[in-house]
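Read the structure below first, then the notes.
The values are calculated or read from the model by the stated rules, or taken from the named source; none is laboratory data. Here the structure is a predicted model, which means the values were calculated and not measured. Here the Cβ positions follow ideal geometry from the backbone for every residue, glycine too, while neighbour counts run over all protein chains shown.
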């Protein structure tokens, strides 16, 4: 048997039962959400469904401006969705929060609900679908789910049943999030208790399980990003192993093939390896030898075992794998369209939308941006028709920020992490937040409106924040025990 080395774990630790139970409960909660939320009652869910149905029928992936919505998804939306603004029926009053009721007596007969291509459902309508602007991984994966269902069943189920199946597939995608948070905590050097608290923190954001239970490409990006941050939590503590570098590269490529938002992660990968090298230069021994094999190896010697060359080599491997896995898509799009990430938004969000006399002001923008982002992050369900009160969202935000402040306060913690290393765990959500703010501001300047302010866009960066919440809760727990003694 190989002897333990700085790049080989001595033994494998077990996942605590609490974390396993939390993971199962998280998946069950998402599955419940998938049933409780009316079909089509989620941001852009009908548009996501239109692209999946197009691919499941054997069609190639369309250009960014090459897909029209189909009759079937509009029919489904009008039949099942509650928000009138999502797909208004003739004569309905449409407001930001108006909803239609669906009495049981008016439910369509289950035995006669149409498949997506029945009764002209496959026919396109005039409205362009914006979803082909995204890379294909998520949509091809969901289309594969439908292909398997149709192969087993001998044909397509009704459209509503296929969407229900896709929702369950998305609930399955986000089920591992508590486990990944625990793993990130262990790789960062936390003890099992603190890492378990990090896993439980995934329950703190109600909107996370709601979005995770619907058909939305953010769910695959969130899964991939949580796994990536778990690896980077070890990198920032000094892990420069080839296996980790390859894993980082693969996950980076998967993220970029899911959504262009993942472009924020390559700079963070470089930053993680830089901080890992600084650790190698300044530390001479493990911070806590009792920590088991799920922690990253700690370097030895004044410059670390591999020194800066090890960090550069690992970063080069991660970068090469990411480029090899994802560049083909973006280069192909650039060749066809002249842009790496083209969108039909430019045709819809124009200066024609500006109100008379509009002048953009940062203060006016922030007065809309901050409360909308806060409320939509914590709980603005469906098509934002069911919203938690603003005071509750603000209170939750204050508690969350307080926990992060507690985690960042010590210069060095018992697990040996520095404040700089802990601050790195916030960079994913901060990078995504900056991306959302800059894009929303740009669109506001153009249109005078307030588009793109979506709290769910931050979910992919939350793994590191949840680890810090675990750090804070463990710190407060130990402090309370000390006071009690």
**OP:** Go through (1) without any contact (Cβ under 8 Å) to a residue 60 or more places away in the chain; (2) buried (at least 18 other Cβ atoms within 10 Å of the Cβ); (3) part of a helix (DSSP H, G or I) one by one and return the number of the condition residue 458 breaks.
**Re:** (1)
Subject >> Which numbered condition residue 425 fails, given (1) surrounded by fewer than 20 Cβ atoms within 10 Å (Cβ to Cβ); (2) at pLDDT 95 or above; (3) closer than 15 Å to residue 470 by Cβ; (4) touching a helix residue (DSSP H, G or I) at 6+ places or on another chain (Cβ under 8 Å) >> reply: (1)
Original post:
With respect to residue 261, is the statement that it is assigned by TED's automatic domain parsing to the domain that holds residue 183, under 16 Å from residue 135 (Cβ atoms) and assigned to a helix (DSSP H, G or I) true?
Top reply: yes
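Residues being within 23 Å of residue 223 (Cα to Cα) and either in contact with a strand residue (DSSP E or B) (Cβ under 6 Å, 6 or more places away or on another chain) or not in a loop (DSSP other than H, G, I, E, B) (or both): count how many of those fall in segment 438-455.
Number satisfying all stated conditions: 1.
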Original post:
Which of the helices (runs of 4 or more DSSP H) contained wholly in segment 317-420 include at least 3 residues that are modelled with pLDDT of 95 or more and surrounded by 13 or more Cβ atoms within 10 Å (Cβ to Cβ)?
Top reply: 362-378, 390-408
**OP:** Just give me the residues in segment 326-352 being in contact (Cβ under 8 Å) with a residue 40 or more places away in the chain, more than 25 Å from the chain's Cα centre (by Cα) and farther than 17 Å from residue 439 by Cα, in sequence order.
**Re:** 336, 337
Original post:
Which of the residues belonging to segment 71-85 are in contact (Cβ under 8 Å) with a residue 24 or more places away in the chain and either in a helix (DSSP H, G or I) or within 15 Å of residue 106 (Cα to Cα) (or both)?
Top reply: 71, 72, 73, 74, 75, 76, 77, 79, 80, 81, 82
Original post:
Of the residues 172, 223, 208, which single one is surrounded by fewer than 24 Cβ atoms within 10 Å (Cβ to Cβ), within 17 Å of the chain's Cα centre (by Cα), touching a residue at least 12 places away in the same chain (Cβ under 8 Å) and part of a helix (DSSP H, G or I)?
Top reply: 172
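Yes/no per residue for (1) closer than 14 Å to residue 170 by Cβ; (2) at pLDDT 95 or above; (3) assigned to a loop (DSSP other than H, G, I, E, B); (4) in the same structural domain as residue 215 (by TED's automatic domain parsing):
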site: 2; (1), (2), (3), (4): no, no, yes, no
site: 10; (1), (2), (3), (4): no, no, yes, no
site: 22; (1), (2), (3), (4): no, yes, no, yes
site: 34; (1), (2), (3), (4): yes, yes, no, no
site: 43; (1), (2), (3), (4): yes, no, yes, no
site: 49; (1), (2), (3), (4): yes, yes, no, no
site: 53; (1), (2), (3), (4): no, yes, no, no
Original post:
Out of curiosity, is residue 74 touching a strand residue (DSSP E or B) at 6+ places or on another chain (Cβ under 9 Å), surrounded by 15 or more Cβ atoms within 10 Å (Cβ to Cβ) and on the phi < 0 side of the Ramachandran plot?
Top reply: yes
Original post:
In the list 147, 186, 167, which residue meets the criterion of being crowded, with 20+ Cβ neighbours inside 10 Å, out of contact with any strand residue (DSSP E or B) (no Cβ under 7 Å at 6 or more places or on another chain), assigned by TED's automatic domain parsing to the domain that holds residue 115 and part of a helix (DSSP H, G or I)?
Top reply: 167
Original post:
Among the listed residues 113, 186, 193, which satisfies the condition of being under 19 Å from residue 81 (Cα atoms) and over 20 Å from the mean Cα position of the chain (by Cα)?
Top reply: 113
Original post:
Can we say residue 17 is exposed (fewer than 13 other Cβ atoms within 10 Å of the Cβ) and modelled with pLDDT of 95 or more?
Top reply: yes
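Matching residues to (1) under 24 Å from residue 188 (Cα atoms); (2) in contact with a strand residue (DSSP E or B) (Cβ under 9 Å, 6 or more places away or on another chain):
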| position | (1), (2) |
| --- | --- |
| 381 | no, yes |
| 385 | no, yes |
| 388 | no, yes |
| 398 | no, no |
| 401 | yes, no |
| 404 | yes, no |
| 411 | yes, yes |
| 414 | yes, no |
| 425 | yes, no |
**OP:** Give segment 26-68 a look and list any residue that's under 19 Å from the mean Cα position of the chain (by Cα) and under 30 Å from residue 193 (Cβ atoms), or say none.
**Re:** 26, 27, 28, 29, 30, 31, 33
Subject >> Some residue of segment 407-422 being in contact with a helix residue (DSSP H, G or I) (Cβ under 7 Å, 6 or more places away or on another chain) and within 28 Å of residue 34 (Cβ to Cβ) >> reply: no
Original post:
Among 274, 256, which is the only one that is out of contact with any helix residue (DSSP H, G or I) (no Cβ under 6 Å at 6 or more places or on another chain) and either assigned by TED's automatic domain parsing to the domain that holds residue 419 or under 17 Å from residue 220 (Cβ atoms) (or both)?
Top reply: 274
